[in-house]
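Report on the structure given below.
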Amino acid sequence: MKFTLSWLRQHLETEASLEEITYALTDLGLEVEGVEDPGARLAAFRIGYVREAEQHPDADRLRVCKVETADGLQQIICGAPNARAGIRVVVARPGDYIPGLDTTIAVGKIRGVESFGMMCSERELELSEEHDGIIELPEDAEVGQRYVDYAKLDDPVIDIAITPNRPDALGVAGIARDLAARGLGRLITPAPEPVPGSFTSPVGVSIDASAQAHCPLFLGRYIRGVKNGPSPKWLQDKLRAIGLRPISALVDITNYMTMDRARPLHVFDAKNVAGDILVRKAAPGETLTALDGRVHTFDGTETLVCDANGPSSVGGIMGGEGSGCEPDTTDVFVEAAWFEPVSTAATGRRLKINSDARYRFERGVDPEFTRPGLEMATRLILELCGGEASEIVTAGAVPETARSYGLDPARVVSLVGMEIAEEEQVRTLEALGFAVTRTGDRLSAAVPPWRPDVHGEADLVEEIARVASLSKLVGKPMSRVTTGVTRPTLTPMQMRERRARRTLAMLGLNECVTYTFVSDTEAALFGGGEPARRLENPISSEMTNMRPSLLPALLSAAARNQARGHGEIGLFEIGPLFEGGEPGEQKLVAAAIRTGHTAPRNAWGSRRPVDLFDAKADAEAVLSACGAPVERLMVLRDALPDWYHPGRSACLSLGPKTPLAMFGELHPRVLSALGVKGPAVALTVFLENIPFPRAKGTTRPALEVSDYQAVERDFAFVLDDTVEAEAVLKAARGADKGLIERVSVFDIFAGKAASEQLGEGRKSLAISVRLQPKSGTLTDKEIDAVAAKVVAAVTRATGGTLRG
Amino acid sequence: MDGLDTLRGRYLGAIADAADEAALEAVRLAALGKKGEVSLKMRELGRMSPEERQSAGPALNALKDEIASAISAAKAGLQDAALAERLRAEWLDVTLPPRPAQTGTIHPISQVTEEVAAIFGDLGFGVAEGPQIETDWYNFDALNIRPEHPARTEMDTFYMHRAEGDNRPPHVLRTHTSPVQIRAMQAQGAPIRVIAPGRVYRSDFDQTHTPMFNQVEGLAIDRDISMANLKWVLEEFFAAFFEVDGVETRFRASHFPFTEPSAEVDIRCSWAGGQLRVGEGDDWLEVLGSGMVHPHVLRSGGIDPEQWQGFAFGMGIDRIAMLKYGIPDLRAFFDSDLRWLRHYGFSALQTPTLYAGLGA
């Protein structure tokens, strides 16, 4: 909302400076977004007089003008069609900055003829979009005078942002009311004086029952014999200053009413109004070409203002193309109606029309100002265009808005935390137009009709607080929850998330935060893409689905990093994946990928391609950090999702039902679809699936160590190629649970060479078994006995034989 | 006894000449071995008269000791020389880079979220969470944003697909963390102090907006919490977060449907030389929206607004991360560019705590 300082002063008698006013506006909640002083921007331009204008010798469309300027007679080349002798113009001198062109004028040669300046159009001065020719000023413009002084442009323009709850501040009068309440001056907005009608309006008005709810009040008045020329300079200047283009007196008056009083009106050219006016619901399929030049088709929910020939405007939003006034208009019908906010907003949104009228009606226009607004507009029309006004025709009634709310002055102080005396509270509300009465300890405030946003005590508190000024608020310590040491606030799951995160970073992975939505392709590759997880209005085709997995985004990120030449990539993210489209169908997971090598090229041979055991190690580290019993987890190969390599992936799980983690090499097809140069490995840990330990307390179990010498024995077994290490380890561990402390794999001999040496489809697996006696040193005999049990158990479980 | 001096001279000379341990051993055998010259002489002592023995014995023993200690000294010398030679041969190029170790990083959003949680944790605020796909009731109605409220369209809401025949209003991607307020109040009742950090979504993508970003919501409800308490809490927070002695805030009246009175909050700062310094200077930087929780919102959370009151605020985690750590571009937060992650990320060991300092 833009207005000029002088416009504000029409409503507010004040001694306050511009700074005081802008500070107060922002502080009151009418945030100043900018103050522009056109005087400063256009200060250089001065008035000139074109004494001669001759055809340029080398260019048909250019004229060589001799212009009287502040610096004497100057030669200026001009291409404007209206450049001619005898006109008064706005002159820029060499060195002047032209805002509309964003350029600084220099002395130049145009087709061989020198030019010492420029004569400006309104667009070049950013006064309007007008660029058909240079500005022509009336006779009273003095050569050498500053243009801003002549045109009275040295009036600061204040631009404020209006929050949606303040429709009353969409008019200068309402803004002045706030400032007056703050104590910045006296509100002097004149009350409109009624204009008695001298004849009966030949156009009648009525509201169809179908539209009563959306247009409860419709007033109108016929004015005959008007002369619709350009509006007077004071009005044109006002509108121009706030960025509106003057059109004609009648249109300018409606714009003035909108900006001055937040009161939209519509002026029909009476010769285009057939019969009486009827406000009714649109019929589905009905159309109207509006003033925006577009043909709008209605679906039956819209409120239309119609005459005998059909729709002539969309109520409260925009007039029809044929309904507006022309320069030759002589008789008009002025509409002042009240349109209901919710339906106006819905219609405006549906038709995609943004207008000053819609903007105000959808936020709430003062219904009681409908008639005074019409009277004020009538007076302006008669003043500026002449004519004779009819009596006012009325349909419907002013909608009831009267309501009062109780207010406890002590509660105001308690909520705001600032001492605001009761008298001051009352004064503030009254200055804002509330009628305050008292019953006992409580106040009651009747809400003025221009404040549709006020719906209870809290709103009254807000009014008092913002006028009292929140910037005066002094912080007050808030009591602590506990008197002593602060207690932990995180939940076990939140702690788990943090541990998982820092564990993965310790493992050398870089944490990412990726978009929660993925493309159709990415979703489909990872088991998603069905309608429930799709967005209805995605912002781009890359962001259409709530992610079914964190992996596609990490893999796409890996591909982008590969393209930048990174060879060792390890990325992770902790966040939700989505299992459906309902609230809560999200699951917190930690996911990571690795691709390329484990290390950059180096002299130590420590570089090798990543493999699935890197992913397994990462998964186990996270599980361990989260308190999962890693040594008890089963490694399951079945029911794995198809984005993994079928032979190189597995679940880590406590039982067949709930996997705690998945890891493996990614399917080559998935990698190629995402543009990743493979192979790549990945893991996902389902943080919420890990059981929390049952024991609370902090005590650890006692450390049990044996003083007797531990013994390690190695065994190599020849096995079928497909026998899994876990089978061997499990059998060996079970051979003597009392003595065997640990079993580990230390060598694998498999592949072609193994087949040649051990027989087709055979491999060798070497394990080390550590025996820890607890009651005495082991004798050779005892050791041999355990060794025999290990061999027997492994043979029984796997069919393997001890390698000779 | 003559001849002993000759013996001494010969053997000490041989010891000094021995080039290695083998030569030394040969000298030892020749002198002190079973059939060594000195040993043989010792054996002769038995055949001497007691008088002769008295003078020859000590002399011979002294010679024996002298030769033995000369041998062991020479041996130690040879070992030292051998070790010195070995060490000389074990020279390595210490300027070679070591085996590369992988170092991971924590994303600034996670780090800053933990910083915020650490500060508010000290003030007794727990961390609340909620779903990112929300019903429109939690995201809007419960927060006093009625269906016709312009905020619904101004917030650029993402809607979830709604199946044919399902007539519920479509779910939304939460446009703010405020619905977590409602869920937390419903779950915990009053009094309550929580923050709710997390991802939020708005359909906006340009230089300074991304369709997903991170917010943190704060909520404190009790019998007598006031807006003056809010100001104190925020000033304490900003001083702790930006790790300066104090940060002055400025409250400007504003409007949010879910708070009343509402205020936009600016912090004092300076931008000298393009460098932001919080807590000093004459500029103001808008950082958050806040206010006293609207009675409608309290009721939505199952709390009686006649009995309880309190404040709420919301600010951008990405934004305060950018301000604190001088990160220029919001969009880069979500790009996963390794160069960016390594540059702006944090070490796994840098867990923010109040006693060590957040950015320590």
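Looking only at helices (runs of 4 or more DSSP H) that fall completely inside the range A:147-258, which ones have 1 or more residues that are of a type in the set (F, W, Y)?
Result: A:147-150, A:233-241.
Condition first: more than 17 Å from A:D237 (Cα to Cα) and in contact with a strand residue (DSSP E or B) (Cβ under 6 Å, 6 or more places away or on another chain). Now tell me which residues in the range A:1-26 satisfy that.
Scanning the range A:1-26 gives A:E13, A:T22, A:L25, A:T26.
Please enumerate the residues belonging to the range B:215-246 that are of a type in the set (A, V, I, L, M), part of a loop (DSSP other than H, G, I, E, B) and within 11 Å of another protein chain (Cβ to nearest Cβ).
In the first step, residues of the range B:215-246 are kept if they are of a type in the set (A, V, I, L, M); the result is B:216, B:219-221, B:225, B:227-228, B:230, B:233-234, B:239-240, B:244.
This time we only want the ones that are part of a loop (DSSP other than H, G, I, E, B), so: B:225, B:244.
Scanning the range B:215-246 gives a single hit, B:I225.
Need the failing condition index for A:V90 against (1) open to solvent by less than 60 Å² (accessible area, probe 1.4 Å); (2) on the phi < 0 side of the Ramachandran plot; (3) outside any strand (DSSP E or B), just the number.
Of everything listed in (1) open to solvent by less than 60 Å² (accessible area, probe 1.4 Å); (2) on the phi < 0 side of the Ramachandran plot; (3) outside any strand (DSSP E or B), A:V90 misses just condition (3).
Kindly evaluate B:A142 against the criterion of being more than 7 Å from chain A (Cβ to nearest Cβ) and either under 30 Å from A:R480 (Cβ atoms) or of a type in the set (A, V, I, L, M, F, W, C) (or both). Walk me through how you get there before you give the answer.
Working: more than 7 Å from chain A (Cβ to nearest Cβ): yes; either under 30 Å from A:R480 (Cβ atoms) or of a type in the set (A, V, I, L, M, F, W, C) (or both): yes.
Criteria met by B:A142.
Okay, residues lined up against (1) at pLDDT 95 or above; (2) assigned to a helix (DSSP H, G or I); (3) surrounded by fewer than 23 Cβ atoms within 10 Å (Cβ to Cβ):
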| position | (1), (2), (3) |
| --- | --- |
| A:L429 | yes, yes, no |
| A:V436 | yes, no, yes |
| A:L443 | no, no, no |
| A:W450 | yes, no, no |
| A:D453 | no, no, yes |
| A:R480 | no, no, yes |
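Here's a check for you: in the range A:238-254, which residue that is out of contact with any strand residue (DSSP E or B) (no Cβ under 9 Å at 6 or more places or on another chain) and among the charged types (D, E, K, R) is nearest to A:E383 (Cα to Cα)?
A:D252
Can you name the residue in the range B:194-231 that is of a type in the set (K, R) and open to solvent by 30 Å² or more (accessible area, probe 1.4 Å) and is also farthest from A:L473 (Cα to Cα) among such residues?
That would be B:R202.
Among the residues of the range A:399-427 satisfying the criterion of being buried (at least 17 other Cβ atoms within 10 Å of the Cβ) and either of a type in the set (V, I, T) or touching a Cys at 6+ places or on another chain (Cβ under 6 Å) (or both), which is nearest to the other protein chains (Cβ to nearest Cβ)?
Only one residue fits best here, namely A:V416.
Quick one: A:Q757 ticks every box in (1) open to solvent by 100 Å² or more (accessible area, probe 1.4 Å); (2) within 29 Å of A:P629 (Cα to Cα); (3) outside any loop (DSSP other than H, G, I, E, B) bar one, so which box is it?
(2)
Can A:V485 be described as without any contact (Cβ under 8 Å) to a residue 40 or more places away in the chain, surrounded by fewer than 22 Cβ atoms within 10 Å (Cβ to Cβ), more than 28 Å from B:P108 (Cβ to Cβ) and facing chain B (nearest Cβ under 7 Å)?
So A:V485 does not fit the description; no.
I'm trying to understand the selection: among the residues of the range B:1-37, which are under 14 Å from B:S69 (Cα atoms) and touching a residue at least 24 places away in the same chain (Cβ under 8 Å)?
Listed by number, the residues that qualify are B:R8, B:Y11, B:L12, B:I15, B:A16, B:L24, B:V27, B:R28, B:A31, B:L32.
Name, by its number, the condition in (1) surrounded by 18 or more Cβ atoms within 10 Å (Cβ to Cβ); (2) in contact (Cβ under 8 Å) with a residue 12 or more places away in the chain that does not hold for A:G293.
Unmet for A:G293, out of (1) surrounded by 18 or more Cβ atoms within 10 Å (Cβ to Cβ); (2) in contact (Cβ under 8 Å) with a residue 12 or more places away in the chain: (1).
Condition check ((1) within 14 Å of chain B (Cβ to nearest Cβ); (2) more than 30 Å from A:I110 (Cα to Cα); (3) among the hydroxyl-bearing types (S, T, Y); (4) surrounded by fewer than 21 Cβ atoms within 10 Å (Cβ to Cβ)) across all residues:
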{"site": "A:T22", "(1), (2), (3), (4)": "yes, yes, yes, yes"}
{"site": "A:D27", "(1), (2), (3), (4)": "yes, yes, no, no"}
{"site": "A:D37", "(1), (2), (3), (4)": "no, yes, no, yes"}
{"site": "A:A44", "(1), (2), (3), (4)": "no, no, no, yes"}
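Within the range B:326-357, take every residue that is at the interface with chain A (Cβ under 8 Å from one of its Cβ atoms) and of a type in the set (S, T, N, Q) and give me the one that is least open to solvent (accessible area, probe 1.4 Å).
This residue is B:S336.
Whether any residue in the range A:87-104 is over 19 Å from A:A44 (Cβ atoms) and modelled with pLDDT of 90 or more is what I want to check.
Among the residues of the range A:87-104, at least one is over 19 Å from A:A44 (Cβ atoms) and modelled with pLDDT of 90 or more, which makes the answer yes.
Could you check, for the range A:595-607, whether at least one of its residues is under 16 Å from B:T105 (Cα atoms), surrounded by 18 or more Cβ atoms within 10 Å (Cβ to Cβ) and touching a helix residue (DSSP H, G or I) at 6+ places or on another chain (Cβ under 6 Å)?
No, the range A:595-607 contains no residue that is under 16 Å from B:T105 (Cα atoms), surrounded by 18 or more Cβ atoms within 10 Å (Cβ to Cβ) and touching a helix residue (DSSP H, G or I) at 6+ places or on another chain (Cβ under 6 Å).
Just checking, does the range A:260-283 include any residue being free of Cβ contacts under 8 Å to residues at least 60 places away in the same chain, open to solvent by less than 50 Å² (accessible area, probe 1.4 Å) and touching a helix residue (DSSP H, G or I) at 6+ places or on another chain (Cβ under 6 Å)?
No, every residue in the range A:260-283 fails to be free of Cβ contacts under 8 Å to residues at least 60 places away in the same chain, open to solvent by less than 50 Å² (accessible area, probe 1.4 Å) and touching a helix residue (DSSP H, G or I) at 6+ places or on another chain (Cβ under 6 Å).
Could you tell me which of the residues B:V172, B:V112, B:V180, B:V116 is buried (at least 23 other Cβ atoms within 10 Å of the Cβ) and in contact with a Gly (Cβ under 8 Å, 6 or more places away or on another chain)?
Unique residue meeting the criteria: B:V180.
Against the definition (within 14 Å of chain A (Cβ to nearest Cβ) and in a helix (DSSP H, G or I)), how does B:L323 come out, yes or no?
It is false that B:L323 is within 14 Å of chain A (Cβ to nearest Cβ) and in a helix (DSSP H, G or I).
In the range A:527-551, what residues are away from chain B (no Cβ under 12 Å) and buried (at least 22 other Cβ atoms within 10 Å of the Cβ)?
If we filter the range A:527-551 for residues that are away from chain B (no Cβ under 12 Å), which is where we start, we get A:527-528, A:541, A:548-549, A:551.
Of everything in the range A:527-551, those that are away from chain B (no Cβ under 12 Å) and buried (at least 22 other Cβ atoms within 10 Å of the Cβ) turn out to be A:G528, A:P548, A:S549, A:L551.
Would you be able to tell me the number of residues in the range B:295-319 that are buried (at least 24 other Cβ atoms within 10 Å of the Cβ) and either modelled with pLDDT under 95 or facing chain A (nearest Cβ under 8 Å) (or both)?
So the answer is 1.
Please name all residue pairs, on different chains or six or more residues apart, with Cβ atoms under 6 Å, provided the first residue is in the range A:538-562 and is in contact (Cβ under 8 Å) with a residue 40 or more places away in the chain and the second residue is among the small types (G, A, S).
A:L550/A:A591; A:L551/A:A591; A:L551/A:A682; A:A557/B:S336; A:A559/A:G675
Name the residue that is modelled with the lowest pLDDT, counting only residues in the range A:647-674 that are in contact with a strand residue (DSSP E or B) (Cβ under 9 Å, 6 or more places away or on another chain) and open to solvent by 50 Å² or more (accessible area, probe 1.4 Å).
Restricting to residues being in contact with a strand residue (DSSP E or B) (Cβ under 9 Å, 6 or more places away or on another chain) and open to solvent by 50 Å² or more (accessible area, probe 1.4 Å), the top hit is A:P656.
Which ones in the range A:338-371 are outside any loop (DSSP other than H, G, I, E, B), out of contact with any helix residue (DSSP H, G or I) (no Cβ under 6 Å at 6 or more places or on another chain) and open to solvent by 40 Å² or more (accessible area, probe 1.4 Å)?
Hits for the range A:338-371 are A:V342, A:A346, A:R349, A:R350, A:Y359, A:E368, A:R371.
Of the conditions (1) open to solvent by less than 80 Å² (accessible area, probe 1.4 Å); (2) at pLDDT below 90, A:R632 fails just one. Which one is it?
A:R632 satisfies all of (1) open to solvent by less than 80 Å² (accessible area, probe 1.4 Å); (2) at pLDDT below 90 except (1).
The values are calculated or read from the model by the stated rules, or taken from the named source; none is laboratory data. Note that the structure is a prediction, hence the values are computed from the model and not measured. Note that we place each Cβ from the backbone using ideal geometry, even for glycine, and neighbour counts take in every protein chain shown. Areas reflect the complete protein model, heavy atoms only, side chains present, ligands, DNA and RNA absent. Shrake-Rupley method; radii C 1.70, N 1.55, O 1.52, S 1.80 Å.
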